[in-house]
Structures are given as structure tokens and as C-alpha cells.
1. Any residue in segment 106-121 that is hydrophobic (A, V, I, L, M, F, W, C), under 14 Å from residue 156 (Cβ atoms), surrounded by fewer than 17 Cβ atoms within 10 Å (Cβ to Cβ) and without any contact (Cβ under 8 Å) to a residue 12 or more places away in the chain?
2. Looking at 138, 115, which is the one that is closer than 30 Å to residue 20 by Cβ and part of a loop (DSSP other than H, G, I, E, B)?
3. Which members of segment 149-174 meet the condition of being touching a Cys at 6+ places or on another chain (Cβ under 7 Å) and either at pLDDT below 60 or assigned to a strand (DSSP E or B) (or both)?
4. Go through (1) modelled with pLDDT under 85; (2) closer than 30 Å to residue 39 by Cα one by one and return the number of the condition residue 81 breaks.
5. Within segment 88-105, identify whether any single residue is over 22 Å from residue 159 (Cβ atoms) and either hydroxyl-bearing (Ser, Thr, Tyr) or open to solvent by 50 Å² or more (accessible area, probe 1.4 Å) (or both), and answer yes or no.
6. Checking residue 74 against (1) open to solvent by less than 20 Å² (accessible area, probe 1.4 Å); (2) modelled with pLDDT under 90, which single condition isn't satisfied?
7. Sort out which residues of segment 53-66 are closer than 22 Å to residue 167 by Cα and modelled with pLDDT of 90 or more, and write them in order of number.
8. Do any helices (runs of 4 or more DSSP H) entirely within segment 29-98 hold 3 or more residues that are without any contact (Cβ under 8 Å) to a residue 24 or more places away in the chain and among the charged types (D, E, K, R), and if so, which?
Amino acid sequence: MDIKLLNQVEKESIGERQPLPDRYLRLSDDEMDARIAAAKRALGERLVILGHHYQRDEVIKFADFIGDSLKLARAAASRGTAEYIVFCGVHFMAESADILRGAHQKVVLPDLAAGCSMADMAAEDQLEVAWRELAEMGVDVSTIVPVTYINSSAAIKAFVGEHGGVVCTSRTRQRSCRGHGNGARS
């Protein structure tokens with residue numbers, strides 16, 4: 001990885017990223033590509049790589065599927081032979097794939113520092129406090145249908161599901177809400 005290739009946000013958060021061994025940092029782009037291609041060939045159907053369409057081309061060029069987070073999570077779930085799901089995206093996206101994965105599958109998020117400011121706006125403990133305070137004010141919370149956007153953490157999705165709510169997604173041509181169920185795996 002050549003530090004000159006990083007954007008400003010990546011440069012500012014480099015200390016939060018998991019360090020790569022020096023032997024990888026010294027590889028040329030062509031050598032790195034060759035190693036990734038070889039690993040992908042060796043793993044074959046045991047591996048599926050998901051690339052969120054907001055990622056840079058050099059990050060997702062080996063992706064088996066490219067798209068939005070929900071589409072990618074569903075694509076991974078459809079690849080039952082894959083043991084490893086590599087999600088080139090952010091935390092909530094990998095969590096969505098983890099919710100839908102098979103028991104034999106492992107989800108890998110290559111950049112553990114990859115976050116989403118929208119998903120980080122809501123914390124589960126804040127939601128629990130708000131829910132409790134509504135009940136304390138006399139609001140019948142059993143009549144409330146909580147709704148969260150797909151760009152939320154698995155903990156938020158689990159809270160919403162446990163309270164009979166839904167997870168909404170957006171699409172270019174339409175808006176839709178989909179029930180999430182009771183709880184989530186993380």
C-alpha cells in the first residue's frame with residue numbers, strides 16, 4: 001500500500017486500521033493483485049467477495065458481487081457453498097451479511113476501521129433509554145412500531161425486531177420496508 005494512494009480520510013484514520021505486515025506493504029500493485037487472484041482461485045467456491053458500490057475500484061475489483069449492502073448480504077446468503085464471505089464495505093454491511101449467513105459461514109470485514117457516520121448516529125443504549133422514557137411518560141409502547149434504516153447496527157436491528165418493528169431499505173425507484181424478525185446474530 002502506497003501512502004500516496006490513500007485519500008485524506010484514510011490518512012487521518014490510518015492509526016485505527018489493523019497493521020499489515022511489512023512484506024505486504026512492499027508489494028507492487030501487480031504483485032498484490034496476483035496474490036489475491038491466486039488465493040481466490042485456491043479457495044474457489046469456498047469464498048465469496050462482496051464489494052459495496054461506493055468502494056474504490058481497486059478495492060472491489062476481485063468482488064464476485066457489487067451492489068448495495070442488502071443486495072450483497074442476500075447474494076452471500078445465496079452462496080451456500082461459501083465458507084468465507086469477505087465484505088468490502090463497512091461494519092453494518094458485514095453485520096447484515098452475518099445475520100443472513102449460514103451456520104458454517106464466516107464473515108470477514110477486511111478493514112475493521114471502516115465505519116458509517118449514519119450508522120454511528122444511533123446507539124442501542126440510547127434507543128433503550130428512549131423506549132423506557134416513553135413508557136415512563138405513559139406512552140403505550142406496545143402500540144409503537146419501531147422502524148430503522150438498513151444502515152444501522154445489528155444491535156439496533158435486533159432491538160427493532162424484538163419490539164415488532166421493521167427494517168427499511170431505499171432503492172433508486174422505490175422505497176420499501178421489510179420485516180426483520182425477532183432478533184439478530186452478530
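The values are calculated or read from the model by the stated rules, or taken from the named source; none is laboratory data. Not measured: the values here are computed from a predicted model. No Cβ is skipped: glycine too gets one built from the backbone with ideal geometry, and neighbour counts run over all protein chains shown. Remember, those area values only see protein heavy atoms, side chains included, never the ligands or the DNA or RNA. Shrake-Rupley method; radii C 1.70, N 1.55, O 1.52, S 1.80 Å.
1. yes
2. That would be 115, the only listed residue that is closer than 30 Å to residue 20 by Cβ and part of a loop (DSSP other than H, G, I, E, B).
3. 149, 166, 168
4. Here residue 81 clears every test but (1).
5. Yes: segment 88-105 contains one or more residues that are over 22 Å from residue 159 (Cβ atoms) and either hydroxyl-bearing (Ser, Thr, Tyr) or open to solvent by 50 Å² or more (accessible area, probe 1.4 Å) (or both).
6. Only one criterion is unmet by residue 74, namely (1).
7. 66
8. Numbers: elements: 29-43, 57-60, 69-78.
Of the helices (runs of 4 or more DSSP H) lying wholly inside segment 29-98, those with at least 3 residues that are without any contact (Cβ under 8 Å) to a residue 24 or more places away in the chain and among the charged types (D, E, K, R) span 29-43.
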